[in-house]
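Chemist: Mind having a look at this structure? Questions to follow.
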Protein chains: 2
Amino acid sequence: MTTIFERHDHGACAKEALARAEDLAAAQGLRLTPVRRRVLEILLEQHRALGAYEVLDRLAAEGLGKQPPVAYRALDFLVEHGLAHRIQRLNAFTACQHSHPEGVAPVFLICRSCQTVAEMDATGLRRDLSRLGGEAGFSVERATIEALGVCAACAGGAA
Amino acid sequence: MTTIFERHDHGACAKEALARAEDLAAAQGLRLTPVRRRVLEILLEQHRALGAYEVLDRLAAEGLGKQPPVAYRALDFLVEHGLAHRIQRLNAFTACQHSHPEGVAPVFLICRSCQTVAEMDATGLRRDLSRLGGEAGFSVERATIEALGVCAACAGGAA
DNA sequence: AAAATGTATGTAATAAAGTAACAAGTCAAC
DNA sequence: GTTGACTTGTTACTTTATTACATACATTTT
């Protein structure tokens, strides 16, 4: 499995994600407005999750909006359409790193040392979770799976 | 698998949990002070997660503390010793329903209709998650697994 | 092109959640 | 009965998030 923990061409990675967003917008008739697009770009700059107010500060510095709702609305839009994810543990947001065709939400790996947040496909895990819920008569609709730990680079570097 | 979604003697369920807490405190030399004990009792009254401020309001009504730190400290104590859990999706807390011998954190099933939060053992899921992380060189230390959906009773009742 | 409609943004105000810092009290051990 | 560790009280504040309403922009209808 390949994650963004590995060395990669980050510029290309961000560019691709933006292109995917544009394709999605075109395909689904969504409006990737300047604010929304800029928020996605800001999230794509780093592989760590940003708080809504960090995003807002950036927007404010560029004259794109000074009040919380501006940031929250754009972030909500991105999350709703799968272009970004909310990391519950951090009350923060990160750009989506892979395209998740259907409603296949990923698992997040959060490095507590470098703050990098990586996504991994977790189809199997989700199936198991649904099965587990099913045993209790519970119908799983959405699931949050977040792992906190240390990435290879940080584990190696700190050794 | 049996969860608190099923009919059960709630009084007994709460009483047992409290007894477990006392045993734990005795065994580990922890101080289950009046505030801490009362917070646990409050959480045990319902099988839904309570926000820190809901707990605080209850404490205040009983003269046990009026400021946020009082509630947060007690909640942190309970969480730290496995007597309660924090539900990330809800920014809320729920009493532990099973004793988790070691550091075996459970999975949470959150009914979006009746707000009940049930725990299930997820040893297998956690192992799979660790393995998945391992594939990316990531060492998982702690994991949050929360499922949002509908419990059997609500699905049946609403049908 | 003007009116009507739907959607997005701007703004103010406030709510909700969480923390820092320090003073004061409690309790067990010596 | 004083020391030291832990717990609680209190003030003040920070961070995160939402409500409500006004304004602007875009699209379709006429």
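The values are calculated or read from the model by the stated rules, or taken from the named source; none is laboratory data. Remember, it's a predicted structure, so these values are computed and weren't measured experimentally. Here the Cβ positions follow ideal geometry from the backbone for every residue, glycine too, while neighbour counts run over all protein chains shown.
Residue-by-condition table, conditions (1) more than 16 Å from DNA strand D (Cβ to nearest atom); (2) under 20 Å from B:LEU90 (Cβ atoms); (3) touching a Lys or Arg at 6+ places or on another chain (Cβ under 9 Å):
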| position | (1), (2), (3) |
| --- | --- |
| A:ILE87 | no, yes, no |
| A:GLN115 | no, no, yes |
| A:ALA118 | yes, no, no |
| A:ILE145 | yes, yes, yes |
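Chemist: Given B:ARG131, B:ARG127, B:ARG86, which one is crowded, with 18+ Cβ neighbours inside 10 Å and within 23 Å of A:CYS111 (Cβ to Cβ)? Steps first, please.
Modeler: Values: B:ARG131 fails: crowded, with 18+ Cβ neighbours inside 10 Å; B:ARG127 fails: crowded, with 18+ Cβ neighbours inside 10 Å.
Criteria check complete, one pass: B:ARG86.
Chemist: Let me ask something else about it. Looking at B:VAL39, B:VAL55, B:VAL107, which is the one that is of a type in the set (A, V, I, L, M), without any contact (Cβ under 8 Å) to a residue 60 or more places away in the chain and more than 27 Å from B:ALA153 (Cα to Cα)? Break it down into steps so the answer makes sense when it comes.
Modeler: On the way: B:VAL55 fails: more than 27 Å from B:ALA153 (Cα to Cα); B:VAL107 fails: more than 27 Å from B:ALA153 (Cα to Cα).
One residue alone meets the criteria, B:VAL39.
Chemist: Of a type outside the set (Phe, Trp, Tyr), farther than 30 Å from A:GLY124 by Cα, touching a Leu at 6+ places or on another chain (Cβ under 8 Å) and at pLDDT below 95, is that true of B:GLY65?
Modeler: On the way: of a type outside the set (Phe, Trp, Tyr): yes; farther than 30 Å from A:GLY124 by Cα: yes; touching a Leu at 6+ places or on another chain (Cβ under 8 Å): yes; at pLDDT below 95: yes.
Answer is yes for this residue.
Chemist: Is it the case that A:GLU22 is more than 13 Å from DNA strand D (Cβ to nearest atom), charged (D, E, K, R) and more than 14 Å from chain B (Cβ to nearest Cβ)?
Modeler: Yes, satisfied.
Chemist: A further question on this structure: Is it the case that region A:89-104 has a residue that's within 9 Å of chain B (Cβ to nearest Cβ), surrounded by 18 or more Cβ atoms within 10 Å (Cβ to Cβ) and not acidic (Asp, Glu)?
Modeler: Yes: region A:89-104 contains one or more residues that are within 9 Å of chain B (Cβ to nearest Cβ), surrounded by 18 or more Cβ atoms within 10 Å (Cβ to Cβ) and not acidic (Asp, Glu).
Chemist: When you scan region B:4-12, do you find a residue that is closer than 21 Å to B:MET120 by Cβ and either crowded, with 17+ Cβ neighbours inside 10 Å or at pLDDT 95 or above (or both), even just one? Quick ask: steps written out before the conclusion?
Modeler: First, the residues of region B:4-12 that are closer than 21 Å to B:MET120 by Cβ: B:4-10, B:12.
So of that shortlist, the ones also either crowded, with 17+ Cβ neighbours inside 10 Å or at pLDDT 95 or above (or both) come out as B:4-5.
Yes: one or more hits.
Chemist: Filter region A:54-72 down to the residues that are among the charged types (D, E, K, R) and within 8 Å of DNA strand D (Cβ to nearest atom) and list them by number.
Modeler: A:GLU54 - this is the single residue of region A:54-72 that is among the charged types (D, E, K, R) and within 8 Å of DNA strand D (Cβ to nearest atom).
Chemist: Can you tell me how many residues within region B:44-85 are of a type outside the set (Gly, Ala, Ser), within 14 Å of DNA strand C (Cβ to nearest atom) and within 20 Å of B:HIS100 (Cα to Cα)? Can you show your working first?
Modeler: First pass over region B:44-85, keeping only residues of a type outside the set (Gly, Ala, Ser): B:44-48, B:50, B:53-59, B:62, B:64, B:66-70, B:72-73, B:75-81, B:83, B:85.
Now drop any that are not within 14 Å of DNA strand C (Cβ to nearest atom), which leaves B:48, B:50, B:53-59, B:64, B:66-70, B:72-73, B:75-80, B:85.
Okay, now just the ones that are also within 20 Å of B:HIS100 (Cα to Cα), so B:48, B:75-80, B:85.
Counting residues in region B:44-85 that are of a type outside the set (Gly, Ala, Ser), within 14 Å of DNA strand C (Cβ to nearest atom) and within 20 Å of B:HIS100 (Cα to Cα) gives 8.
Chemist: Test A:ALA60 against the stated conditions and say whether it is touching a helix residue (DSSP H, G or I) at 6+ places or on another chain (Cβ under 7 Å) and surrounded by 15 or more Cβ atoms within 10 Å (Cβ to Cβ). So that I can check it myself, show each step before the final result.
Modeler: Values: touching a helix residue (DSSP H, G or I) at 6+ places or on another chain (Cβ under 7 Å): no; surrounded by 15 or more Cβ atoms within 10 Å (Cβ to Cβ): yes.
When the stated conditions are applied, A:ALA60 does not pass them.
Chemist: Got at least one residue in region A:133-153 being on the phi < 0 side of the Ramachandran plot, assigned to a loop (DSSP other than H, G, I, E, B) and more than 7 Å from every other protein chain (Cβ to nearest Cβ)?
Modeler: no
Chemist: Count, please, the residues in region A:115-125 that happen to be at pLDDT below 95 and part of a loop (DSSP other than H, G, I, E, B).
Modeler: Counting residues in region A:115-125 that are at pLDDT below 95 and part of a loop (DSSP other than H, G, I, E, B) gives 2.
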